[in-house]
1. Take segment 73-125 and flag every residue that is more than 16 Å from the ligand (Cβ to nearest atom) and of a type in the set (A, V, I, L, M).
2. With the requirement that a residue be more than 7 Å from the ligand (Cβ to nearest atom) and under 31 Å from the mean Cα position of the chain (by Cα), what does segment 134-145 give you?
3. Just to be sure before I move on: is Ile70 in contact with a strand residue (DSSP E or B) (Cβ under 9 Å, 6 or more places away or on another chain), modelled with pLDDT of 95 or more and of a type in the set (A, V, I, L, M) in the structure I sent?
4. Could you tell me which of the residues Glu89, Glu76 is in a strand (DSSP E or B), assigned by TED's automatic domain parsing to the domain that holds Ala151 and at pLDDT below 95?
5. So how many residues does segment 105-149 have that are among the small types (Gly, Ala, Ser), part of a loop (DSSP other than H, G, I, E, B) and crowded, with 20+ Cβ neighbours inside 10 Å?
6. Checking Val14 against (1) surrounded by 10 or more Cβ atoms within 10 Å (Cβ to Cβ); (2) at pLDDT 60 or above: exactly one of these is not met. Which one?
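The values are calculated or read from the model by the stated rules, or taken from the named source; none is laboratory data. In this text the structure is predicted, and so the values were computed from the model without any measurement. FYI the Cβ positions are ideal-geometry reconstructions off the backbone, even for glycines, and counts take in every protein chain you see.
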Amino acid sequence: MSNHEQHEQSHSSVMRKTMSRRQFLSYTLGGAGAFMAGGVVLPMIRFAVDPILQKKTGGTFVKVAEESAITSEPKEFKYQIHQVDGWYESDPERSAWIARDQNGTIFALSPVCKHLGCTVNWNSQNDNQYFCPCHEAKYSIDGKNLRVAPAPLDEYEVEVRDGWVYLGPVKPNSRV
Ligand code: FES
């Protein structure tokens, strides 16, 4: 082997070693960087997406009134619900008109007028009807729309347990 050939061979072996060291370093650093970036980015993605993946908590029942306080005359009860909407949690106040029908069954109506959403009152005109002061809609004791409003008052889901009335989500009126 000539001197020139020996020199070429040793030079190419040095090149190979240098390349493989570079590759090793770049793989190692790249891998470590990706691992660290994943450690930072994945929790951020999880935080951003998590509330969307959670089940909504709107279907729970809330203790609102003592069963013994409910008569055939509708009474207004105010209560709070805990609401989770994505990242936003709140405790808005709700109200319901609760009464017993002729069979003694307890039912609860939403006070939200089905015309444009004002709040109705019971018997404010001394006519045993619900009345909305905004445009004078009227409803029967069961929530049937008698004037102005296009639909009956909504109803709450009701559960009676251990002497207490619990209210759940609003549903379309099933009484009229
Ligand atoms: S909002 Fe009730 S009558 Fe118009």
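1. Ile81, Val84, Ala96, Ile98, Ala99, Ile106, Ala108
2. Hits for segment 134-145 are Tyr139, Ile141, Asp142, Gly143, Lys144, Asn145.
3. yes
4. Glu89
5. Selection size over segment 105-149: 3.
6. (2)
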